[in-house]
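Okay, so here's the structure we're looking at.
The values are calculated or read from the model by the stated rules, or taken from the named source; none is laboratory data. Nothing here was measured: the structure is a model prediction, and the numbers come from that model. All Cβ positions, even for glycine, are placed from backbone atoms using ideal geometry, and neighbour counts span all protein chains on display. SASA here: full protein model, heavy atoms, side chains in, ligands and nucleic acids out. Shrake-Rupley method; radii C 1.70, N 1.55, O 1.52, S 1.80 Å.
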Amino acid sequence: MSLRHSGAFLGLATVLAMPLACKGPNTNVKIAEPGSESGEVARAPGGSGQPDAGPRPPVETIDLSGNLSGVGDMLDAGSKLFNMWSPPEPGAPAINLRDFISLTLIQEGFGPGFFESIDLDGVHAFELSFPHDGQPHATDQDVDLALSMAASNAARAIESMPAELQPQPMGQNMWQLAADDLALFFRAQPAAIEVAMQVEALDRAAGLPAKASPDPRIHLRAANLPSGDIDVSDLIPIPFGSRTLSSIANEVEAVELHADFGTARDLTARVEAEAPFERLGLDPIGAPTQTPSALAQTLPGDAIAVWQMPWGDPKLLHDVLDKQVPVDQVPAPFDGYVGDVMGGAHTLLDAIGDEVLAAPYLDDKGNFSLVLAASVKDEAAARKAVRAMFGAAEKAFGDHIALAGKDPKHKYSVKFKQDGLKVGSHKADVFTLTIPKDKQDDLEGTEWLVGKKPKLEVSVVVAEGRIVLAMGAGQKAFMSRLGRRLGKKLSDQGLEEGGGLALARKLSAGCQYCVAVDPTELGEFVLVLFANDPDEPEAVRKAAKEGLTALRKLNLDGEVALAARFGKGRGALGFGIPQQLLFAKPDEVEKLTDILTSVTDAEDAEAAATSTSI
């Protein structure tokens, strides 16, 4: 019998049909004859029809389990998102995912009663195991399934399945679907459909919902995974560490997915894996943090994004500086100052306290700054280290300037001024390196980064138990804002205000890599790139500038969160979008859509005009 309808289950029927699909491609499926006694299926010894060769070796199986709840609310939330971000054409009905799934199932041969009888708000849970590949002694009998689906009318749902997958009644609220020497048994309960591959396993299926965790709504686990032979570099282009990552990937023993979504819930997903992540060399990373970041609270809150990490033991980083930095390959005249730079770097690593942070900013004038910050346990040592490194850089570039000669095209300047910039009641050191004229053409369109008179400018302040470094065209404006926060009683939570870091910590039950992204600020940065790109047509740059003005007037609330946590034998990655951002006000969504389409429409118009002219 063909099993072509199994795909229409949309996940539900896939689980039901999975044991049948585990058979070979030439399986002949037959339905137990109605009225057959007890409905049992004849099974050959060993399940394969071969003579019994004695006791079999143990069979290794992949063990899957999971539970799902709140499906109805998730479908309603999905419908709401579709209609918000991709509204129907005038006169067309709004998208309703419940109706869509019901209609799809009917088209695939299910009776209307199937979907109507499933309790979408109930708990659905399953356990499934099947043999690893490459075990000649494994048979179809080693596949095991126990499933409980919440239902308001279990019997009606079973009897509404397609004719080709129609179980036959056995009496006592039980049905059977037979396939050669395999069978699926169904039992109708007042609030659930129970499915198993052995009658005695139906009781195990009945107990699954009680073991399910109600929050978050989606749990999936795959355990006892076979070892693999994956080369990570074939999948991801990474410059180093592919052997270590490959060894970890090939020794993953279990994977879990925990996800949530709903009309009044954040969209979250966390993937956890059991593997030897300690091989990554995690010593510089501190223990997972579950409390707000004092460093993030100090900095202004309107960053494009923020990355925060607890600080651990820097010994591994010291080893990298000593053993892997090619000091002997540094060209003259810079080679004479490498020792000062390396010494300052070692001192700075030891001066860092309990956390580090990085955050890109874009000010109201479209000037960019990249901010690096850390808590420090020794301000004097940190300040001395920074001055050693930038002082050495000033001397090295000064020597290079002397060698370059007086040709105006190659001329540039360097300056390092200690206490050169006021930052509130504190002072920052400032390092400035101008760009020679023969290099400025290469920087056309990057005024947002190097300014109208191209130069690299870096300022560093050490104060209040923190070191903050800012570089880019917007660094002075950033330091001015920072000065109004250092040592002051603050009325806001800085980079914690947007909620992204808090969501990141929640995603992975304490994170080591905590990331928050502000979509509005990120959108502004993208539009600034378009508006300043000399390779873009004038119409596109104009649309980007107008969009930038409009975007700054929007009031979208919330930040996207990313999280990572790694420890001995276990790691986790998380992703989340807060509900206030998912379900933003309709007028804000419409304005945002108009801004994005205005730029793409301008690009399309220019492309069409170019094509016509050709």
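Here are the numbers for the structure shown:
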quantity	calculated
Portion, in percent, of the accessible area of the chain that falls on carbon or sulfur, probe 1.4 Å	55 percent
Positive-pole candidate from Ser508, Ala572, Ala396, dipole of the chain, charges at beta carbon	Ala396
Simple Cβ-charge dipole of segment 293-495, Lys/Arg +1 and Asp/Glu -1, about Cα centre, in debye nearest 20	900 debye
Cβ-placed point charges (K, R +1; D, E -1), dipole of segment 57-223 about Cα centre in debye, nearest 20	500 debye
Square roots of 5 times each gyration tensor eigenvalue, C-alpha, segment 293-495, largest first, Å	28, 23, 15
C-alpha long axis of helix 338-351 to longest principal axis of the chain, angle in °	60 degrees
Mean Cβ count within 10 Å, highest first, over the residues of peptides 219-226, 464-471	464-471, 219-226
Cβ-Cβ FRET estimate between Leu596 and Lys452, R0 fixed at 25 Å, reported to 0.05	0.30
Ratio Rg/Rh [Cα only; Rh per Kirkwood] for segment 57-223	1.03
Kirkwood-type radius of segment 156-230, with distances r between different C-alpha atoms, in Å	14.7 Å
Percent of alpha-carbon pairs separated by more than 17 Å within segment 108-172	59 percent
Cα pair count fraction exceeding 15 Å, expressed as % - segment 80-140	71 percent
Peptide ranges 434-441, 357-364 listed from the most packed, as the mean C-beta count within 10 angstrom indicates	357-364, 434-441
Residues listed by number, segment 563-590, amide nitrogen under 19 Å from Asn250 label point at 7 Å toward C-beta	569
On Cα atoms only, tilt of 71-85 relative to the major axis of the chain in degrees	40 degrees
Rounded to 10°, Cα long-axis angle of helix 12-21 versus longest principal axis of the chain	70 degrees
Accessible area per residue in Å² at 1.4 Å probe, computed on the chain	51 Å²
Entries in Lys315/Lys476; Lys323/Lys422; Lys427/Lys488; Lys384/Lys568; Lys323/Lys417; Lys411/Lys542 that, when Cα-Cα distance is taken, lie over 27 Å	Lys315/Lys476; Lys323/Lys422; Lys384/Lys568; Lys323/Lys417; Lys411/Lys542
Largest to smallest accessible area among Leu349, Leu551, Leu490 [probe 1.4 Å]	Leu490, Leu349, Leu551
Angstrom value of the Kirkwood radius, inverse mean 1/r, which spans all Cα pairs in the chain	29.4 Å
15 Å beta-carbon shell around Gly262, net charge (K/R +1, D/E -1)	-2
About the Cα centre, charge dipole magnitude for the chain (Lys/Arg +1, Asp/Glu -1 at Cβ), debye	2620 debye
Solvent-free Debye scattering, log10 I(q)/I(0), computed from the Cα coordinates of segment 536-614 at q = 0.11 Å⁻¹	-0.51
Distance between modelled label sites at Ser413 and Val330, nm, 7 Å Cα→Cβ extension	2.6 nm
Value of Rg/Rh across segment 381-457 [Cα atoms, Kirkwood radius]	1.03
